[in-house]
Amino acid sequence: MPELPEVETSMRGLASAIQGRELKRVRAMRADLRFPLPAGFSDRLQGRTVEGLERRAKYILVRLTGGLTWLIHLGMSGRLIVGKGHLPSLEKHDHVTIETTSGYVIYQDARRFGFMDLFEARAELSHPRLKDLGLEPLTDLSISSLASVLKGRSSSVKAALLDQRLIAGLGNIYVSEALFRAKVRPERAAGMLTRSEIKRLVKAIPEVLAEAIKAGGSSLRDYRQPSGELGYFKASWAVYGREGQACIHCRKGVVARVVQSGRSSFYCPKCQR
């Protein structure tokens, strides 16, 4: 599933195509994605102008005239394709198209695990997909805020950082990379981290995310940027997917893998305690 950097990159690519523009023509090729599209989906979008775009956790929020918000979740394989000029011939898994005066957007999703919704802006705080989300790791993290959400938790720090109710938007790749930079072992009990370790995590998490966003995210299987380019952060992975290879930091440890709640965690036993 695309994680925060991939969603942020997709949001920025989408913004370049529709920010400040009128949605002249909207078409849905089917009535559902992962869930049914909202009633009157195309008609409610068509004719509105895009006032702004934001990312919340792994969701893209498109702010439209008239107080309407268009929510997009990419699911496992969803991607946004943007281009200039006329809409090209559609492919099998192109499910939603948007045309403006200068270009187009195509929502493509082979597995159809993504979904979309429309809601009034005033209802955002109570929206079932948004109301229970935790801290935004690029803007809300501090030593005190992270210490507060981890306090007293017996679950592993890896599980805690993946819990969207605590910190919103982090996924398996970037948690593994952040824990490596912070020199914290993924199996450690979240509530037992020292202030020094929390301080290192507060530094490492946004650093990893910012570097990944700059590289366009990490391309695994289906993910591409809206421009069609791959995400190149995969080349910078220090531990993720590197089981059995020498640690790039200490050169003495060998990257190990442990399965936690069905997900692989990668770490250096020498560097991470």
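Brief remarks follow.
- Filtered residue count, segment 246-271, keeping only those that are in a loop (DSSP other than H, G, I, E, B) and either small (Gly, Ala, Ser) or modelled with pLDDT of 95 or more (or both): 9
- Considering only residues in segment 255-268 that are free of Cβ contacts under 8 Å to residues at least 40 places away in the same chain and of a type outside the set (Gly, Ala, Ser), the one that is farthest from ARG200 (Cα to Cα) turns out to be VAL259.
- Restricting ARG44, ARG63 to residues that are part of a strand (DSSP E or B) and either modelled with pLDDT of 95 or more or in contact with a helix residue (DSSP H, G or I) (Cβ under 6 Å, 6 or more places away or on another chain) (or both) narrows the list to ARG63.
- Segment 95-120 residues that are at positive phi and assigned by TED's automatic domain parsing to the domain that holds ALA31, paired with ones that are part of a strand (DSSP E or B) and among the acidic types (Asp, Glu) (beta carbon under 9 Å, 6 or more apart): ARG112/ASP32
Every residue, every condition in (1) of a type in the set (Gly, Ala, Ser); (2) modelled with pLDDT of 95 or more, yes or no:
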position: GLY67; (1), (2): yes, yes
position: THR101; (1), (2): no, no
position: TYR104; (1), (2): no, yes
position: GLU120; (1), (2): no, yes
position: LEU125; (1), (2): no, no
position: SER155; (1), (2): yes, yes
position: LEU162; (1), (2): no, yes
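- Residue match in segment 135-149 (condition: over 30 Å from ALA190 (Cα atoms) and over 21 Å from the mean Cα position of the chain (by Cα)): no
- When LEU162, LEU118, LEU133, LEU68 are checked against the criterion of being within 28 Å of ARG34 (Cα to Cα), touching a strand residue (DSSP E or B) at 6+ places or on another chain (Cβ under 8 Å) and surrounded by fewer than 17 Cβ atoms within 10 Å (Cβ to Cβ), a single residue qualifies: LEU68.
- Restricting ARG153, ARG181, ARG185 to those that are crowded, with 16+ Cβ neighbours inside 10 Å, among the charged types (D, E, K, R), in contact (Cβ under 8 Å) with a residue 40 or more places away in the chain and assigned to a loop (DSSP other than H, G, I, E, B) reduces the list to ARG185.
- Among residues of segment 5-29 that are touching a residue at least 40 places away in the same chain (Cβ under 8 Å), those with a Cβ under 8 angstrom from a residue that is of a type in the set (Phe, Trp, Tyr) and assigned to a loop (DSSP other than H, G, I, E, B), sequence gap 6+ or separate chain, pair up as GLU6/TYR223.
- Lone unmet requirement of (1) within 24 Å of LYS84 (Cα to Cα); (2) assigned to a loop (DSSP other than H, G, I, E, B) for PRO2: (1)
- Residue tally, condition over 22 Å from ALA17 (Cα atoms) and part of a strand (DSSP E or B), over segment 84-118: 0
- Against the test of being over 26 Å from GLY216 (Cα atoms) and in a strand (DSSP E or B), the options ARG27, ARG55 yield a single qualifying residue, ARG27.
The values are calculated or read from the model by the stated rules, or taken from the named source; none is laboratory data. Every value quoted in this text rests on a predicted model; they were computed, and no experiment measured them. Please note: Cβ atoms are built from the backbone with ideal geometry, for glycine as well, and neighbour counts cover all protein chains shown.
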